[in-house]
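The values are calculated or read from the model by the stated rules, or taken from the named source; none is laboratory data. Source: prediction; values computed, not measured. Neighbour counts are summed over all protein chains in view; Cβ atoms, including those assigned to glycine, are modelled from backbone coordinates with ideal geometry. Calculation scope for accessible area: heavy atoms of the full protein, side chains included, ligands and nucleic acids excluded. Shrake-Rupley method; radii C 1.70, N 1.55, O 1.52, S 1.80 Å.
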Amino acid sequence: MTEADFAFLRDYLKKRSGLALGPEKRYLVESRLSPVCRRFNLATLSDLVGTLRLSREGPLERAVVEAMTTNETFFFRDRVPFDLFRDVLLPRAIAARGATRRLRIWSAAASTGQEPYSLAMLVHEAAAQLAGWQIEIVGTDLSTEVLEKARLGLYSHFEVQRGLPVQLLVKHFTQVGEQWRISPKLAGMVSYRPLNLLQPFEHLGQFDIVYCRNVLIYFDAPTKADVLERIAKALAPDGAVLLGAAETVIGLTEALVPDGQHRGLYRQGATHRAAAPQRLAAGF
Amino acid sequence: MRTGLVVDDSAVIRKVARRILETLDFSVRDAEDGQKALALCAEEMPAVVLLDWNMPNMDGYDVLRHLRQLPGGDRPKVLFCTTENDIGAIARALRAGADEYIMKPFDREIMMAKLDQVGFTVRLPEHA
């Protein structure tokens, strides 16, 4: 790949997905885009770049963006965020939303569904306290391809063994040949929508809990700040945002501030909160 | 050092599992059948047992039942390890007292995930 091709791809991906690629990512670009070349019968990466220069939105353009932005995921990834959901966020939400009995959760980089389904399993474990509640988990991702897999809810042996306790496998999955399908009950709790975080997302409505993990790391600072500020706007005044272990709001925006006790957990900042139209008395 | 026991009638699986556990800082013994496994447990109870389901003479289910009746036999975390991956077999293993289930073929990453799930801190050494 020539310098010019790499520079074009960096610029192209930045505009379409916000992905900020440093010069050290050259190898990543080559390894992720070579299979795309083969799929579209393009002999070299230079041919791929040449085609991208000439064409508008289409299957090739989508494939390039998806190949570069699809990230690894597994059930209960990193464990701590899910312990936090079970032990802190869900009990707080149950206390704060007792009147409306309505809870909306957003998994902002849902990928192939493991994160939203992990959250759904934890909601299910608290079913006794949530009888009569309306719980909605919205999973979004830039890639329509991964969302298709998420909707199917079918996972390989390898995927169900990574992070998923066997008791939950037995409880929530059925075997379909060599694969495992998530139960209709859990699947029914999650809805999936394609979304580019660089585009407006007001249409998704307001959320009580937002999981936005391991996606901001790919953006440059101004893009991170923009996305975080818009997430803060989509958050209920007493809601919570959880970011990935390597992500922070510090130095980027004051729209979200750390929830002192818990690493990775954020709430609306004071200035932002004062501007919010309504605030619930019982915060969580 | 924490201790592990690999029980499998396949020498290849024993070798692979043993090597993985050793890189994760376990001191490992192995047994090719249930009787030998139970004898080793009676001698010194391991912290974790990787137990094959399908073995001649005494299968994994029987080994587990006997193990849990030994003094201190409730302590080891038992990971069932087999190619049998139907949900009935998994449920039966859990009822018999298994803590986790590993489907073959497995690799170090899966083994690490399962050990983590049953409460072991697993970190790859720098050189691994």
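A few notes on this one:
- Cα-based shape type of the protein assembly as shown, given that a ≥ b ≥ c are square roots of the gyration tensor eigenvalues and the cut on a/c is 1.5: oblate
- The spacing between segment B:3-67 and segment B:85-100, judged by their C-alpha centroids, is 17 Å.
- Considering only A:VAL88, A:ALA232, A:SER156, the residue lying farthest towards the positive end of the dipole of the protein assembly as shown is A:ALA232, judged by Cα position with unit charges set on Cβ.
- Relative contact order, percent, segment B:3-117 [alpha-carbon distance under 8 Å, six or more residues apart]: 22
- Each Lys and Arg Cβ is given +1 and each Asp and Glu Cβ -1; about its Cα centre, chain A then shows a dipole of about 560 debye.
- Note: relative contact order over segment A:1-93, using C-alpha pairs below 8 Å and six or more positions apart, is 28 percent.
- Highest-fluctuation residue, A:PHE85, A:PHE75, A:PHE201 considered, GNM on chain A with Cα pairs under 10 Å: A:PHE201
- Rounded tilt (10° steps) of A:59-69 against the dominant C-alpha axis of chain A: 60
- Listed residues A:LEU168, A:LEU198, A:LEU243, most fluctuating in chain A (Gaussian network, C-alpha, under 10 Å): A:LEU168
- A 1.4 Å probe, protein heavy atoms only, puts the accessible area of A:GLU145 near 110 Å².
- Gyration tensor verdict on segment B:3-117 (Cα atoms; rounded if a/c is under 1.5, prolate if a/b is larger than b/c, oblate otherwise): rounded
- Applying a DSSP loop filter and a limit of 10 other Cβ atoms within 10 Å to the GluC sites (Glu not before Pro) in segment A:1-71 leaves A:GLU57.
- For A:VAL170 and A:VAL80, the difference between the fully extended length at 0.36 nm per residue and the C-alpha to C-alpha distance is 30.2 nm.
- Selected from A:SER17, A:SER118, A:SER31 as most flexible by GNM, with chain A as the system and alpha-carbon contacts under 10 Å: A:SER31
- Relative contact order (percent, whole number), chain A, Cα cutoff 8 Å, 6+ residue spacing: 17
- Gap separating the Cα centres of segment A:188-256 and segment A:85-115, nearest whole Å: 15
- Mean partner shielding of peptide B:86-98, defined as the number of other chain Cβ atoms within 10 Å of each residue Cβ, is 2.
- Classification of segment A:1-87 by its C-alpha gyration tensor yields a prolate form. The axis ratio a/c (a ≥ b ≥ c) is 1.5 or more, and a/b outweighs b/c.
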